[in-house]
Amino acid sequence: MPMTALEILQTSMDSMHGMLDKVISDMTEEQLNFRPQEGGVSPFFSLWHYVRTEDNVINWVIHRQPTVWLEGEFDTRLGLDRTSQGTGMSEEQANAVVLRDLGLWQQYQPRVWARTAAYLRSMNPDEFETRRVTIKPLPEMSLWSGLFGICLSHGYRHIGEIEYARGVIGLGGLTI
């Protein structure tokens, strides 16, 4: 029996989350903060940017709840910006996004995954095309475009960036 659009999204988000968990599972803070070259970003910046984006999109923009980031005071505890998630940052600002507590980050990331999964389990799939959302700085879009394009597709892009950095530092990419 064919999967519904919601089932495809749920399964794909779970898979992407698993890949993000796996791609960083054996990395140290030093490796996560490595910058492959001038003008590039660290694996942690890519990870932080994506997880913060998903947290903002799912919890604040779509579900109208506080983000895990602010609710858990991860901004203060990790010493990172309260509201920024990387979009539009200068190189200097991006370079300032440094992981200083891997254990604390490992508390934040799975909480975002859990909130996303809970939201997707509770949502009405009729909203995919009828509900409109605005994910700044982008124009208004359908809920489907926000979830599929900004969350799912965007997440896979950042997995690739992290895999590239893994290769540069000698860890290799993910095995399938």
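The values are calculated or read from the model by the stated rules, or taken from the named source; none is laboratory data. What you see is a predicted model; the values in this text were computed from it and never measured. Please note: Cβ atoms are built from the backbone with ideal geometry, for glycine as well, and neighbour counts cover all protein chains shown.
Listed by first and then second residue, the pairs linking a residue in segment 102-114 that is over 9 Å from Trp69 (Cα atoms) to a residue that is basic (Lys, Arg), with Cβ atoms under 6 Å apart and 6 or more places separating them unless they lie on different chains, are Leu104/Arg77.
Quick one: would you say Gln106 is of a type in the set (S, T, N, Q), closer than 24 Å to Gly160 by Cβ and either modelled with pLDDT of 95 or more or outside any helix (DSSP H, G or I) (or both)?
On the way: of a type in the set (S, T, N, Q): yes; closer than 24 Å to Gly160 by Cβ: yes; either modelled with pLDDT of 95 or more or outside any helix (DSSP H, G or I) (or both): yes.
Considered against the rule, which asks whether it is of a type in the set (S, T, N, Q), closer than 24 Å to Gly160 by Cβ and either modelled with pLDDT of 95 or more or outside any helix (DSSP H, G or I) (or both), Gln106 comes out as yes.
Just to check your reading of the model, which residue among Glu54, Glu7, Glu38 is on the phi < 0 side of the Ramachandran plot and touching a Cys at 6+ places or on another chain (Cβ under 6 Å)? Explain how you work it out, then say what you get.
Values: Glu7 fails: touching a Cys at 6+ places or on another chain (Cβ under 6 Å); Glu38 fails: touching a Cys at 6+ places or on another chain (Cβ under 6 Å).
Just a single option satisfies the conditions, and that option is Glu54.
Out of the residues in segment 61-80 that are β-branched (Val, Ile, Thr) and under 28 Å from Ser145 (Cα atoms), state the one that is surrounded by the most Cβ atoms within 10 Å (Cβ to Cβ). Before you say what the answer is, go through the steps one by one.
Step one: of segment 61-80, the residues β-branched (Val, Ile, Thr) are 61-62, 67-68, 76.
Imposing the further condition that a residue be under 28 Å from Ser145 (Cα atoms) reduces the set to 61-62, 67-68.
Working: Val61: 17, Ile62: 20, Thr67: 23, Val68: 25.
Here the answer is Val68.
Take the residues in segment 2-11 that are touching a residue at least 40 places away in the same chain (Cβ under 8 Å) and part of a helix (DSSP H, G or I), then tell me which one is farthest from Arg82 (Cα to Cα).
We begin by selecting, within segment 2-11, every residue touching a residue at least 40 places away in the same chain (Cβ under 8 Å); these are 4-6, 9-10.
Going one step further and asking which of them are part of a helix (DSSP H, G or I), we end up with 5-6, 9-10.
On the way: Ala5: 34, Leu6: 31, Leu9: 29, Gln10: 28 Å.
The qualifying residue farthest from Arg82 (Cα to Cα) is Ala5.
For segment 121-167, a tally of residues being outside any loop (DSSP other than H, G, I, E, B), among the polar types (S, T, N, Q) and either touching a residue at least 12 places away in the same chain (Cβ under 8 Å) or loosely packed, with under 12 Cβ neighbours inside 10 Å (or both) returns 3.
When the residues of segment 74-95 are narrowed to those that are of a type in the set (A, V, I, L, M) and at pLDDT below 95, which ends up farthest from Gln107 (Cα to Cα)? Show your work before the answer.
In the first step, residues of segment 74-95 are kept if they are of a type in the set (A, V, I, L, M); the result is 78, 80, 89, 94.
With at pLDDT below 95 added as a condition, the list becomes 89, 94.
Details: Met89: 25, Ala94: 22 Å.
Filtering segment 74-95 for residues that are of a type in the set (A, V, I, L, M) and at pLDDT below 95, the one farthest from Gln107 (Cα to Cα) comes out as Met89.
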